[in-house]
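J.: The structure's right below; bear with me while I get my questions together.
The values are calculated or read from the model by the stated rules, or taken from the named source; none is laboratory data. Just so we're clear, the structure is a prediction, and the values are computed from it rather than from any experiment. Here Cβ is always computed from backbone atoms with ideal geometry, including for glycine, and neighbour counts include all displayed protein chains.
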Amino acid sequence: MEILQAIAKALEKGDQKDVARLTTQAIEQENPPQTILDDGLIAGMDVVGEQFRAHEIFLPQVLLAAQAMYAGLDLLEPLLLSEGIASRGKVVIGTVEGDLHDIGKNLVGIMLRGAGFEVIDLGSDVSPERFVAAAGESGAPVIGMSALLTTTMPVMGRTVERIEKEGLTGQVQAIVGGAPLSRDFAERIGAAGYGYDGLSAVDLVKKLIS
Amino acid sequence: MRPLLRLLSDELVERILDEARGILQNLGVEIHNEKAVSLLGDHGADVDRPKGRVRLPGDLVDRALATVPSGFALYDSTGEQTHDLSGNRVYFTPGSSAINILDLESGVMRRPVTADYVRYARLMGGLDHIASQSTAFIPTDVPDEVTDSYRLYLSLMFCSKPVVTGAFTIESFELMKNLQVAVRGSMEALQDKPLTIFSICPTAPLKWSEVTSQNLLDCAEYSIPVEYVSMPLAGFMSPVTLVGTLIQHTAETLSGVVLTQLKKPGAPALWGGSPAAFDIRYETTPMGAAETIMIDCAAAEIGKHLGLPTQAYSALSDAKLLDAQAGLETAMGAALSVLAGINSVSGPGMLDFESCQSLEKLVLDNEICGLALRLVEGIEPKDDFPAGELFNELLETGHLLIAGHTLTHLKGEHYLPSTVIDRANRSRWQEEGSLTLGERARLEVDRLVGEWQPVGLDPAVLTELTDLMETEARRYGLDRLPDRE
């Protein structure tokens, strides 16, 4: 469908206004909201993801594309809700207790939303109790934890332990990220995965929620 | 004449200061520590408690600037003065808190253990151009809760140089203070002769965490010198322009000055920082970038303008190996930092965006520091006028190798590097094994560690230090401190 391709192209260019205009048009032309989302917005975002992976574009372009994505999403959400269509999945994110560095976590949140997930952002300085409670209450199957300080990394291990203690193993999985972390660390604490940048975090979530 | 680098005109410095004050007055800083917030509120700051935002009026900043000292001294563990951190005097210190160490033989970066740290501390005694040690990396064979104090303990046990360090938690401060008091004999003696500097970092943009705010207050209370290490990332967590980043750095650092000076007027401090460019292509923070180095130097100019002694993270590299990039980035940073008159330059030994230390690189960087320090000694006449007699001698003898003038001045005038810097002609270099820089550095590490002399502390003091450390370690489940070999 031409209009949907046009939406994808506008999103790839990071053109907020155009995406909004074309999405409105697509809605008026009676395209199903889910189709506009999948074949217009998410299709465009997937291309952006590939270009980023290939080092053809960089973080600012990804963020501009995500902004354009929201412009379209804002128009579609009420329609999707009224049709009872759920989001792609829910993810709880936060920066761990004792740590205020939240920009990485914020970027992951933006990209997850851009990929169609519902993001519950607990902010920074989040305790294991708060992480697990939020997952339990919202039914989110994934908790994403971020840390920049090596001294706060132990909180991640305690959160994984708490998931077990609350009997949520299998229902809730934890993924981790942050500059001083590594795949080794994630494995050692029993996390389900480690993301070395925002986009790999999204890939991880896509894999876990499917 | 002492050569001095200037990047900012006086007018630009003033404008940056004005703008920074405006930001502190109108936007304020976010402080996650109730004691700090109350202290500021009591002294006239405008506190928005629910948001944790504190706005600092101009007169509060002025008051703080009026009491902060224009310099302070550091002393080694035997009580000898080693530093006069004032004016344009420059000193180097290794980069601190690395999480990895480079194993040169295997080329692998790995997590360090106690034996690595002891080797490092022993090496530091032999590096003549690096005047202080730092708690350079984080040993992983002790509980997380004691890693900060344990580094300081090892440093004090194996090297007498003063220590640039820092605490990772609020609780650790007590032990780190007590270790120092044990060395000096009393708190009064410690305050008289500072032994450490604590690096304390705000979080960009314009935030102080609970731990870092408390560290500031605690250090100020006991007159333990601090260096405010603001770390804006240009284009990411601060404006992409250098001036914009300098405005943020100034605002964040001023807020630190206010906090310590309100707690204790006259508490010693360095106007410091570790700002950086942000490479959008790799999402990394290059410390070797021209922009990073320039922001460092310019930030120090602003600190000097305010009458404070200065510090910066410079003289280091983003390379993963001891290679040409490691050399060039470190040398650029070192040369420019000394020319800018930055009093304490933190960096030697560091690789991989301040995350990795290397003993071989430390040895190379010691040479870079020697070179840099010689640069700022400048050029002064030394029995050069009138020159007639000396030239007569040269023409008559045909050389000046053993002239009185040469014998008198050779040592003070020319810096002679160690064998790490290759100056042999090619034949000799080949004869001596065609050694690479890495191989030469490794030999030098071995040699200097082998020549280590015990620190001149009373055995009773050494015992007390160990008792203090063991007691703390036991609290967190470690019954016996790790082996040192």
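J.: From the list B:123, B:60, B:102, pick out the single residue that is under 21 Å from residue B:260 (Cβ atoms) and aliphatic (A, V, I, L, M). Break it down into steps so the answer makes sense when it comes.
T.: Details: B:123 fails: under 21 Å from residue B:260 (Cβ atoms); B:102 fails: under 21 Å from residue B:260 (Cβ atoms).
Going through B:123, B:60, B:102 in turn, the sole match is B:60.
J.: Just one of the numbered conditions (1) within 17 Å of the chain's Cα centre (by Cα); (2) within 14 Å of another protein chain (Cβ to nearest Cβ); (3) surrounded by fewer than 24 Cβ atoms within 10 Å (Cβ to Cβ); (4) among the aliphatic types (A, V, I, L, M) is not true of residue B:170; which one?
T.: So the condition that residue B:170 fails would be (1).
J.: Same structure, new question: Is it the case, given these coordinates, that residue B:407 is surrounded by 11 or more Cβ atoms within 10 Å (Cβ to Cβ) and free of Cβ contacts under 8 Å to residues at least 12 places away in the same chain?
T.: Working: surrounded by 11 or more Cβ atoms within 10 Å (Cβ to Cβ): yes; free of Cβ contacts under 8 Å to residues at least 12 places away in the same chain: yes.
Considered against the rule, which asks whether it is surrounded by 11 or more Cβ atoms within 10 Å (Cβ to Cβ) and free of Cβ contacts under 8 Å to residues at least 12 places away in the same chain, residue B:407 comes out as yes.
J.: For segment B:195-229, how many residues meet the condition of being assigned to a strand (DSSP E or B), buried (at least 22 other Cβ atoms within 10 Å of the Cβ) and within 13 Å of chain A (Cβ to nearest Cβ)?
T.: 2
J.: Starting from segment A:192-210, take each residue that is within 14 Å of another protein chain (Cβ to nearest Cβ) and in contact (Cβ under 8 Å) with a residue 24 or more places away in the chain and list its partners that are surrounded by 17 or more Cβ atoms within 10 Å (Cβ to Cβ) and assigned to a helix (DSSP H, G or I), counting only C-beta distances under 6 angstrom and pairs at least six apart or across chains.
T.: Taking only residues 6 or more apart or on different chains, the pairs are A:195/A:201; A:195/A:204; A:198/A:107; A:198/A:108; A:198/A:111; A:199/A:49; A:199/A:52; A:201/A:108.
J.: Being of a type outside the set (Gly, Ala, Ser), within 14 Å of chain A (Cβ to nearest Cβ) and in contact with a strand residue (DSSP E or B) (Cβ under 6 Å, 6 or more places away or on another chain) is the filter here; which residues of segment B:230-260 pass it? Quick ask: steps written out before the conclusion?
T.: So in segment B:230-260, the residues of a type outside the set (Gly, Ala, Ser) come out as B:231-233, B:236-237, B:239-243, B:245-250, B:252-254, B:257-260.
Those still in the list that are within 14 Å of chain A (Cβ to nearest Cβ) too: B:231-233, B:236-237, B:240, B:252.
Answer for segment B:230-260, where residues must be of a type outside the set (Gly, Ala, Ser), within 14 Å of chain A (Cβ to nearest Cβ) and in contact with a strand residue (DSSP E or B) (Cβ under 6 Å, 6 or more places away or on another chain): B:232, B:233, B:240, B:252.
J.: Considering only segment B:65-73, I want to know if a residue exists there that is in a helix (DSSP H, G or I) and either exposed (fewer than 14 other Cβ atoms within 10 Å of the Cβ) or not polar (S, T, N, Q) (or both).
T.: Looking through segment B:65-73, at least one residue is in a helix (DSSP H, G or I) and either exposed (fewer than 14 other Cβ atoms within 10 Å of the Cβ) or not polar (S, T, N, Q) (or both).
J.: Pairs under 9 Å by beta carbon, first residue under 30 Å from residue B:90 (Cβ atoms) in segment B:377-402, partner hydrophobic (A, V, I, L, M, F, W, C), six or more apart or different chains?
T.: Partner pairs satisfying both residue conditions: B:378/B:1; B:379/B:1; B:380/B:1; B:383/B:390; B:384/B:390.
J.: If you don't mind, another one. Answer yes or no: is there a residue in segment B:42-54 that is in a strand (DSSP E or B) and under 18 Å from residue B:253 (Cα atoms).
T.: Of all residues in segment B:42-54, those in a strand (DSSP E or B) come to B:46-48, B:53-54.
If we keep only those that are under 18 Å from residue B:253 (Cα atoms) too, we end up with B:53-54.
Checking segment B:42-54: at least one residue is in a strand (DSSP E or B) and under 18 Å from residue B:253 (Cα atoms).
J.: Scan the strands (runs of 3 or more DSSP E) fully inside segment B:87-184 and keep the ones with 2 or more residues being under 26 Å from residue B:75 (Cβ atoms) and either touching a residue at least 60 places away in the same chain (Cβ under 8 Å) or of a type in the set (A, V, I, L, M, F, W, C) (or both). Steps first, answer last, please.
T.: Numbers: elements: B:91-93, B:100-103, B:108-110, B:163-165.
Of the strands (runs of 3 or more DSSP E) lying wholly inside segment B:87-184, those with at least 2 residues that are under 26 Å from residue B:75 (Cβ atoms) and either touching a residue at least 60 places away in the same chain (Cβ under 8 Å) or of a type in the set (A, V, I, L, M, F, W, C) (or both) span B:91-93, B:163-165.
J.: Could you list, in sequence order, all residues of segment A:44-73 that are under 15 Å from residue A:202 (Cβ atoms), at pLDDT 90 or above and surrounded by fewer than 19 Cβ atoms within 10 Å (Cβ to Cβ)?
T.: A:47, A:51, listed by residue number.
J.: Do we find that residue A:97 is over 17 Å from residue A:201 (Cα atoms) and not β-branched (Val, Ile, Thr) in this structure? Give the steps one after another, and end with the answer.
T.: Details: over 17 Å from residue A:201 (Cα atoms): yes; not β-branched (Val, Ile, Thr): yes.
Against the criterion (over 17 Å from residue A:201 (Cα atoms) and not β-branched (Val, Ile, Thr)), residue A:97 qualifies.
J.: Taking only segment A:28-43 into account, find how many residues are loosely packed, with under 13 Cβ neighbours inside 10 Å and at negative phi. Please lay out each step first, then the result.
T.: To start, the set of residues in segment A:28-43 that are loosely packed, with under 13 Cβ neighbours inside 10 Å comprises A:28-30, A:35.
Filter once more, so that each one left must be at negative phi: A:28-29, A:35.
Residues meeting the conditions: 3.
J.: Evaluate segment B:21-29: report whether one residue or more is within 14 Å of chain A (Cβ to nearest Cβ) and within 26 Å of the chain's Cα centre (by Cα).
T.: yes
To keep it simple, each residue is scored yes or no on (1) closer than 26 Å to residue B:278 by Cα; (2) part of a helix (DSSP H, G or I).
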| site | (1), (2) |
| --- | --- |
| A:5 | no, yes |
| A:41 | no, yes |
| A:56 | yes, no |
| A:60 | yes, yes |
| A:64 | yes, yes |
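J.: Looking at segment B:340-355, which of its residues are under 21 Å from residue B:438 (Cβ atoms) and surrounded by 24 or more Cβ atoms within 10 Å (Cβ to Cβ)?
T.: Within segment B:340-355, B:347, B:348, B:349, B:350, B:351 qualify.
J.: Select from segment B:194-236 the residues that are in contact with a Gly (Cβ under 6 Å, 6 or more places away or on another chain) and not hydroxyl-bearing (Ser, Thr, Tyr) and list them in ascending order.
T.: B:198, B:227, B:229
J.: Sort through A:57, A:27 and tell me the only one that's touching a residue at least 24 places away in the same chain (Cβ under 8 Å), outside the structural domain of residue A:201 (by TED's automatic domain parsing) and β-branched (Val, Ile, Thr). Can you show your working first?
T.: Numbers: A:57 fails: touching a residue at least 24 places away in the same chain (Cβ under 8 Å).
Of the residues listed, the single one that is touching a residue at least 24 places away in the same chain (Cβ under 8 Å), outside the structural domain of residue A:201 (by TED's automatic domain parsing) and β-branched (Val, Ile, Thr) is A:27.
J.: So, of the residues in segment B:122-141 that are within 13 Å of chain A (Cβ to nearest Cβ) and hydrophobic (A, V, I, L, M, F, W, C), which turns out to be surrounded by the most Cβ atoms within 10 Å (Cβ to Cβ)? Break it down stepwise before answering.
T.: Keep residues of segment B:122-141 that are within 13 Å of chain A (Cβ to nearest Cβ), which gives B:137-140.
Next, only the ones that are hydrophobic (A, V, I, L, M, F, W, C) stay: B:137-138.
Working: B:137: 27, B:138: 24.
The qualifying residue surrounded by the most Cβ atoms within 10 Å (Cβ to Cβ) is B:137.
J.: Checking the condition closer than 30 Å to residue A:67 by Cβ, touching a Phe, Trp or Tyr at 6+ places or on another chain (Cβ under 9 Å), within 14 Å of another protein chain (Cβ to nearest Cβ) and modelled with pLDDT of 90 or more, which residue from A:96, A:91 passes?
T.: Values: A:91 fails: within 14 Å of another protein chain (Cβ to nearest Cβ).
Within the list A:96, A:91, the selection yields A:96.
J.: I would also like to ask the following. Across segment B:142-167, which residue is nearest to residue B:217 (Cα to Cα) among those that are more than 14 Å from chain A (Cβ to nearest Cβ) and among the hydroxyl-bearing types (Ser, Thr, Tyr)?
T.: This residue is B:165.
J.: Please count how many residues of segment B:1-13 are without any contact (Cβ under 8 Å) to a residue 60 or more places away in the chain and under 28 Å from the mean Cα position of the chain (by Cα).
T.: Here is the first cut: in segment B:1-13, the ones without any contact (Cβ under 8 Å) to a residue 60 or more places away in the chain are B:9, B:11.
Next cut, under 28 Å from the mean Cα position of the chain (by Cα) only: B:9.
Of the residues in segment B:1-13, 1 are without any contact (Cβ under 8 Å) to a residue 60 or more places away in the chain and under 28 Å from the mean Cα position of the chain (by Cα).
J.: Mind listing whichever residues of segment B:460-479 are in a helix (DSSP H, G or I) and more than 29 Å from the chain's Cα centre (by Cα)? I'd like the intermediate steps shown before the answer.
T.: If we filter segment B:460-479 for residues that are in a helix (DSSP H, G or I), which is where we start, we get B:460-475.
B:460, B:471, B:474, B:475, listed by residue number.
J.: Going by what's in this entry, would residue B:396 be described as among the acidic types (Asp, Glu), exposed (fewer than 13 other Cβ atoms within 10 Å of the Cβ) and part of a helix (DSSP H, G or I)?
T.: On the way: among the acidic types (Asp, Glu): yes; exposed (fewer than 13 other Cβ atoms within 10 Å of the Cβ): yes; part of a helix (DSSP H, G or I): yes.
Yes; evaluated as a whole, the condition is true for this residue.
J.: Check A:116, A:109 and return the single one that is within 28 Å of residue A:85 (Cβ to Cβ), surrounded by 23 or more Cβ atoms within 10 Å (Cβ to Cβ) and away from chain B (no Cβ under 13 Å). First the steps, then the outcome.
T.: On the way: A:116 fails: surrounded by 23 or more Cβ atoms within 10 Å (Cβ to Cβ).
None of the other options fit; the residue is A:109.
J.: Something else about it: Condition test on residue B:261, is it within 17 Å of residue B:70 (Cβ to Cβ), at pLDDT 95 or above, in the same structural domain as residue B:345 (by TED's automatic domain parsing) and part of a helix (DSSP H, G or I)?
T.: Here the answer is yes, as residue B:261 does meet what is asked.
J.: Follow-up question, since we're still on this one. Among residues belonging to segment B:293-329 that are closer than 14 Å to residue B:358 by Cβ and in contact with a Cys (Cβ under 9 Å, 6 or more places away or on another chain), point out the one that is surrounded by the fewest Cβ atoms within 10 Å (Cβ to Cβ).
T.: Restricting attention to segment B:293-329, the residues satisfying the condition of being closer than 14 Å to residue B:358 by Cβ are B:315-323, B:325-327, B:329.
Checking the rest, the ones that are also in contact with a Cys (Cβ under 9 Å, 6 or more places away or on another chain) come to B:315, B:320.
Numbers: B:315: 35, B:320: 17.
Filtering segment B:293-329 for residues that are closer than 14 Å to residue B:358 by Cβ and in contact with a Cys (Cβ under 9 Å, 6 or more places away or on another chain), the one surrounded by the fewest Cβ atoms within 10 Å (Cβ to Cβ) comes out as B:320.
J.: Another question, then. Could you check, for segment A:147-157, whether at least one of its residues is within 30 Å of residue B:142 (Cα to Cα), of a type in the set (Gly, Ala, Ser), touching a helix residue (DSSP H, G or I) at 6+ places or on another chain (Cβ under 8 Å) and within 12 Å of chain B (Cβ to nearest Cβ)? So that I can check it myself, show each step before the final result.
T.: Looking only at segment A:147-157, we keep the residues that are within 30 Å of residue B:142 (Cα to Cα), and these are A:147-157.
From what's left, of a type in the set (Gly, Ala, Ser): A:147, A:157.
Filter once more, keeping what is touching a helix residue (DSSP H, G or I) at 6+ places or on another chain (Cβ under 8 Å): A:147, A:157.
Narrowing the set further to residues that are within 12 Å of chain B (Cβ to nearest Cβ) leaves A:157.
Scanning segment A:147-157 turns up at least one residue that is within 30 Å of residue B:142 (Cα to Cα), of a type in the set (Gly, Ala, Ser), touching a helix residue (DSSP H, G or I) at 6+ places or on another chain (Cβ under 8 Å) and within 12 Å of chain B (Cβ to nearest Cβ).
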